[in-house]
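Below is one structure; the comments refer to it alone.
Each reported figure results from applying straightforward, stated rules to the coordinates on display, with no laboratory input. In this text the structure is predicted, and so the values were computed from the model without any measurement. FYI the Cβ positions are ideal-geometry reconstructions off the backbone, even for glycines, and counts take in every protein chain you see.
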Amino acid sequence: MRSAEHAGAVEFIERSLHTDLRLDRIAAHTGYSPYHLHRSFTRTFGLTPHAYVRRRRLTEAARALVNTSEPVLGIALRHGFGGQQSFTHAFSSHYGISPAAWRRAKRFFPLLMPYRFDASEWELCRRGPGHLEITDRAGSDLLLPLSLAAVDMLPALDPHRHTTALRQKLDARHVVLAHHEGQDAAAMIVHPATGHIEYLAVHPLLRTSSILSALVESAARDYPRLSVTTFREGDRADLGHRRALLALGFRPAPLRVEFGYPTQLLELEPSGASQ
């Protein structure tokens, strides 16, 4: 499938989010077989069509719980769940809190934002990491779109608080940015005194590339020890980001709770430190 066809599939999903979205119906819209669509979609985005639909529905249901007084059952049915019990189970396993408790807290953060990429972003996918430039300069106006595209990497991302934090940190932090002709592909913000990675985001279209490894290697040259906070083991909201960090040599460290969300610290020892 070409980028335009992937974009068409996502557009159809978003337009039909509250209707029957079985794989065969999405495939019929694209003109490909369900098998081919499933394989191509998963290879391109790093998650299956079913996972994309489920996370988008849960995100919009979470928004409705905070912004409306619609009964939980109505929200569940409108967002494609068979009933309140199945919705509560799915919501709790991904958000770590029941729909009722979420509504009482009146705080929203997305699991997944719509995958609507412009032409320059699709170009990242076609060119690959070998065409990316790594620099140490970035502005919050550039990182914010990347944050929204890569929101699934950032546990409990509150867009408003995130915007404020980015603007405050950029001047006093070490920024490692991978980009191509002005299009952000991946970014890392490191605290210069501690080596803690306070921000890490990779564009969804580059998740299967080596760009994450390149960012970590770049930062590791400047800091004797790196650490990063990510999802806890078994968190259903994690699309595999914890596993990717562990594969790069990070090791589990103390558990944490950030903004009310359960996370875990991972630490990267210097090369050869354990020998």
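Other residues lying with their Cβ under 14 Å from the Cβ of residue 89 contribute a combined charge of +3, Lys and Arg counting +1, Asp and Glu -1.
Here 35, 95 are placed in order of increasing Cβ neighbour count within 10 Å, fewest first, which gives 35, 95.
If the chain linking residue 2 and residue 136 were pulled fully straight, counting 0.36 nm for each residue of separation and taking away their Cα-Cα distance, it would gain 45.0 nm.
Per-residue ellipticity at 222 nm computed for the chain from its helices equals -13500 deg cm²/dmol, with DSSP H segments shorter than 4 residues left out and the rest contributing -39,500 (n - 2.57).
Mean-square fluctuations from a GNM of the chain, with a 10 angstrom spring cutoff on Cα atoms, peak among 191, 131, 94 at 131. Bridge orientation summary for the stretch 119-268: considering DSSP beta bridges with both residues in this region, about 95 percent are antiparallel. What does the charge count around residue 137 come to, taking other residues whose C-beta lies under 12 Å from its C-beta (Lys +1, Arg +1, Asp -1, Glu -1)? Value of the local net charge: -3. Between the amide H of residue 196 and those of 191, 227, distances stay under 5 Å, these residues lying 5 or more places away or on another chain, with hydrogens modeled in the peptide plane. Listed from fewest to most Cβ neighbours within 10 Å, the set 43, 107 follows the order 43, 107. Residues 122, 102, ranked from the fewest to the most other C-beta atoms within 10 Å, line up as 122, 102. Return the label of the correct value of semi-axes √(5λ) of the Cα gyration tensor in Å, as calculated from the structure shown, out of (1) 34, 26, 16; (2) 34, 19, 18; (3) 31, 24, 17. Calculated semi-axes √(5λ) of the Cα gyration tensor in Å: the matching label is (3). Along the chain, counting only GluC sites (Glu not before Pro) with a DSSP assignment other than H, G, I, E or B and at most 16 other Cβ atoms inside a 10 Å radius, the longest segment between sites is 1-180. Averaging the sequence gap over all C-alpha pairs within less than 8 Å and six or more residues apart, then dividing by the number of residues, gives the chain a relative contact order of 14 percent.
For the chain, the dipole from Cβ point charges (+1 on Lys and Arg, -1 on Asp and Glu) about the Cα centre works out to 800 debye, to the nearest 20.
For trypsin sites (Lys or Arg not before Pro), the sites in the stretch 184-245 that DSSP calls loop and that have at most 16 other Cβ atoms within 10 Å are 221, 225, 236. Only one residue of 16, 73, 148 has its Cα farthest out toward the positive end of the dipole of the chain, where Lys and Arg carry +1 and Asp and Glu -1 on Cβ, and that residue is 73. Of the residues 61, 201, 119, the one that moves most in a GNM of the chain with alpha-carbon contacts below 10 Å is 119. Summing +1 for each Lys or Arg and -1 for each Asp or Glu among the other residues whose beta-carbon sits under 11 angstrom from that of residue 264 gives -1. Pull out a ≥ b ≥ c, the square roots of the eigenvalues of the alpha-carbon gyration tensor of the stretch 119-268, then state rounded if a/c is under 1.5, prolate if not and a/b is larger than b/c, and oblate in the remaining case. Note, shape of the stretch 119-268 comes out rounded. A cut-off of 5 Å between modelled amide H atoms, ignoring neighbours fewer than 5 places along the same chain, links residue 263 with 256, 257, 258.
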